[in-house]
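Working notes, structure below.
Throughout, read-outs are computed from the coordinates displayed, never taken from laboratory work. Here the structure is a predicted model, which is why all the values come from computation and not from measurement. A quick note on method: Cβ atoms are made from the backbone with ideal geometry, for glycine too, and the neighbour counts reach across all protein chains shown.
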Amino acid sequence: FMAQAEWAPFSSFHYPALSSSAMKVFSILSLLGSVAAAPVPHELLLQVQELQAELSTQRQVIQELQEERRLQAAESESIDDKITKLQDADLGLGGALDSAWLVLCGALVMFMHAGFAMLETGCCRAKNASNVLMKNLVNVCCGTLGWWSIGWALAYGEQNGNGFIGTDGFFGFGFYTRDKASGVITPVECTSDGCQSTMLSWFFQWAFCTAGATIVSGAVAERVKSPTYAAFAFLMTSFIYPMVVASTWGGGWLASLFGVGYMDFAGSGVVHLTGGISGLVGTTILGARTGRFTNPEEFECHNLPLVVLGTFALWFGWYGFNPGSTLTMKSGSDGALAAQVAMNTTL
């Protein structure tokens, strides 16, 4: 481009014929040359190096902070997941302990029927031993059918404000949930109180119900035929006892009477008073055994060993009846309460 313009010496830096773009390029080249030729002070180089080192350090700190925040976020999510899992495990463990406790205590209460059978059989005459034993067996079998079909529903079903009887849960309906898609049956619903299935409560309260009915068996011993007593056992466990439970433990009208309600820890009124009154009514209707007061020596106990064994069996069963009425065993305080009840029962 210099060949096309009028040339002038470099010292004058005057190129009148050059284009503007060419002038810009030449100016940049001249500036770069002057900068490259100029000496850089040593102190400036040191400052630049220090700034570069500081910049590198800051970048490293920023990267560490970003990584720390990422780990904190991940750890926070992990902690929430762990808390949820621990809560679920706590509910599951509490439900398992409650189930084991109530099943054990319910089985002990059920074993009381063996004690009743031995005690009643030993106290009666030898000729009626088979009849007394059969009545105790019939009591449990027919009582179970009555409690399953009608009794539980009347005692613990939803009362819908009537305050006297329940209206749902007949024949075991509503004891579990079924997934419509998979058909999987789920008998347990976990809440803040733990996991207890309806079937668990049914089993424990069934033991109480049949025990109350058995009281009548001893009261009318040697005076009732087995079929007649079977009908009574069904009536007792499906209507009489459930009506009492519905008004008290079932949340009926006595449960909120005078703002205080009905308090009965282990069934001294609900179970034993109901059974005792039923036995009293039965003996009043039937009257005394023929010759009971004219020949009393004929009515002495025919087997004292059975009486003693039955007494011990009943005593053993009481440790399920009373301590089991805590209805839960998921904490140390529950265990302490059950121990206190066991000591009071023993005394």
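Place a point 7 Å from Cα of residue 126 in the direction of its Cβ. Which residues in region 288-308 have their backbone N less than 17 Å from it? Once the point is set 7 Å along Cα→Cβ of residue 126, 297-307 turn out to lie under 17 Å by backbone N, inside region 288-308. For region 230-347, the Cα-based Rg and Dmax, in that order, read 18.9, 58 Å.
Take the Cβ-Cβ distance between residue 294 and residue 333 as r, set R0 to 41 Å, and report the resulting FRET efficiency rounded to the nearest 0.05. Kindly include the intermediate steps, with their values, before the conclusion.
Working: r = 58 Å, r/R0 = 1.41.
Taking R0 as 41 Å, the efficiency between residue 294 and residue 333 is 0.10.
For region 260-347, the set of GluC sites (Glu not before Pro) satisfying both a DSSP loop assignment and a count of at most 12 other C-beta atoms within 10 Å is given as 300. Ranked by the mean number of other Cβ atoms within 10 Å per residue, highest first, peptides 47-54, 205-212, 168-175 order as 205-212, 168-175, 47-54.
Suppose every Lys and Arg Cβ carries +1 and every Asp and Glu Cβ carries -1, with no other charges. What dipole size does region 202-301 come out with about its Cα centre, to the nearest 20 debye?
Result for region 202-301 is approximately 220 debye, rounded to the nearest 20.
Maximal additional length on extending the residue 301-residue 145 stretch stands at 52.9 nm, based on 0.36 nm per residue less the C-alpha distance. Pairwise Cα separations in region 104-227 fall into 10 Å bins from 0 onward with the following percentages, short to long: 12, 33, 29, 17, 8, 2, 0.
With a Förster radius of 45 Å applied to the beta-carbon distance between residue 52 and residue 72, the computed FRET efficiency rounds to 0.90. If you wrap region 102-157 in the convex hull of its Cα atoms and look at it from every side, the mean projected area works out to 4.5 nm². Per-residue packing, averaged as other Cβ atoms within 10 Å, sorts the ranges 177-184, 264-271 into the order 264-271, 177-184, beginning with the highest. For region 232-283, the orientation-averaged shadow of the C-alpha convex hull comes to 3.8 nm² (one quarter of the hull surface). At q = 0.11 Å⁻¹ the log10 of I(q)/I(0) for region 176-277 amounts to -0.49, computed by Debye summation with a single uniform scatterer per C-alpha, solvent ignored.
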